[in-house]
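Student: Sending over a structure as structure tokens; questions will come in a sec.
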Ligand code: NAD
Ligand code: WQD
């Protein structure tokens, strides 16, 4: 029988792509999502890609009683991939309690479920935000974490710590935190992708919406950074590549390959790309005449960050494969599909 995996937040951007990769690797997937930042149609589109609609339960994982009832019902779950969280950095500054309540309680309820129902394995969505602005680039897993600048970032660091402390006293538990850099792009089928509510905060959705005529002009936040072209540098990772890292992490856990029962890995490409380079690549591969202007820096932004992927390559046997060109094209194809262009 296929191994059953719980994917929390499986209707969301990264979760939906991971459900596809898991199903295509032969896993039986159960999705839990409260649809607070996603829609039910995503599950139908997953089914169009894989031929199978995952089992689905809609509830808030911050609700302990509902989470417990879920684990009673689904007694065959062997591992959890925990994506469900609120993720808007700016909003978290305005609504700290909502962010701490949602992101921390969900994590603790799931770990309670693992302990209570004997589930050993969890992969957690952490973020490069835990490194802040690092003193040395690229960042390795040993690069010190910095105090988070936002409640959102703080929830990622605290969730890592909760997992670590849980694993110390639960030796049968096996957990991996994946620290994502900047996930972008969409599935090559253009059936699933990123669908931000309202005005996008992130660069690539803002670019594709501008290219689609929904936004007038892209603002590039700052060209006076200490980088080769003055614009900020990030490590943009294709969402399908990122999703595959989760399948590899699940295999590492379930095959007993983890070196300790709490591990964490960088998931990026290892390449830093500036905002301007990304914008110019988008224009080159799509042929769209994207309107943009340089404005002042965005408050709270870091200058540059990109991953050292040596440890994730060696330990997970995983590395990013897709080029930034094909990734940006996939994001554009998805935007066009969504807008009927
Ligand atoms: P997303 O918002 O698209 O997906 C998260 C999903 O979780 C949504 O479908 C939402 O409805 C659901 N959800 C939220 N709170 C829930 C709750 N209490 N109970 C049940 N469902 C709930 O976000 P994403 O971009 O796919 O991110 C997935 C994870 O990866 C998040 O934990 C995020 O913090 C992390 N992450 C994202 C990025 C990024 O740039 N997208 C970078 C680093 C880390
Ligand atoms: C990328 C670059 C902007 C929009 C955020 C979170 C981080 C992680 C990933 C979850 C920056 C510039 C952006 C625009 C621009 N998420 N930009 N014009 O800020 O690196 O990271 O998402 O864990 O925690 O902070 O991503 O896509 O917002 O910005 O010039 O309209 O693009 O200033 O340099 P960021 P981003």
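Student: In the set 85, 55, 69, 64, which member is without any contact (Cβ under 8 Å) to a residue 24 or more places away in the chain and either within 16 Å of ligand 2 (Cβ to nearest atom) or surrounded by fewer than 21 Cβ atoms within 10 Å (Cβ to Cβ) (or both)?
Tutor: Only one candidate qualifies: 69.
Student: Sticking with this structure for a sec: State whether the residues of region 111-127 include one that is within 16 Å of ligand 1 (Cβ to nearest atom) and at pLDDT below 95.
Tutor: There is no residue in region 111-127 that is within 16 Å of ligand 1 (Cβ to nearest atom) and at pLDDT below 95.
Student: Sticking with this structure for a sec: Output the number of the condition that residue 323 fails; it satisfies all remaining conditions of (1) surrounded by fewer than 14 Cβ atoms within 10 Å (Cβ to Cβ); (2) more than 16 Å from residue 183 (Cα to Cα); (3) at pLDDT 95 or above.
Tutor: Failed condition: (2).
Student: Does residue 104 satisfy being part of a helix (DSSP H, G or I), more than 24 Å from residue 251 (Cα to Cα) and free of Cβ contacts under 8 Å to residues at least 12 places away in the same chain? Outline the logic, then answer.
Tutor: On the way: part of a helix (DSSP H, G or I): yes; more than 24 Å from residue 251 (Cα to Cα): yes; free of Cβ contacts under 8 Å to residues at least 12 places away in the same chain: no.
In short, no.
Student: In region 311-341, which residues are under 23 Å from residue 208 (Cα atoms) and assigned to a loop (DSSP other than H, G, I, E, B)?
Tutor: 320, 321, 322, 323, 340, 341
Student: Looking for something more than 11 Å from ligand 2 (Cβ to nearest atom), modelled with pLDDT of 95 or more and within 18 Å of the chain's Cα centre (by Cα) - is there at least one such residue anywhere in region 215-231?
Tutor: no
Student: Pick from 93, 19: which is assigned by TED's automatic domain parsing to the domain that holds residue 178 and surrounded by 18 or more Cβ atoms within 10 Å (Cβ to Cβ)?
Tutor: 19
To keep it simple, each residue is scored yes or no on (1) assigned to a loop (DSSP other than H, G, I, E, B); (2) more than 14 Å from ligand 1 (Cβ to nearest atom); (3) touching a residue at least 12 places away in the same chain (Cβ under 8 Å); (4) on the phi < 0 side of the Ramachandran plot.
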residue	(1), (2), (3), (4)
147	yes, yes, yes, yes
164	no, yes, yes, yes
171	yes, yes, yes, yes
179	no, no, yes, yes
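The values are calculated or read from the model by the stated rules, or taken from the named source; none is laboratory data. Here the structure is a predicted model, which means the values were calculated and not measured. Note that each Cβ is placed from the backbone with ideal geometry, even for glycine, and that neighbours are counted across all protein chains shown.
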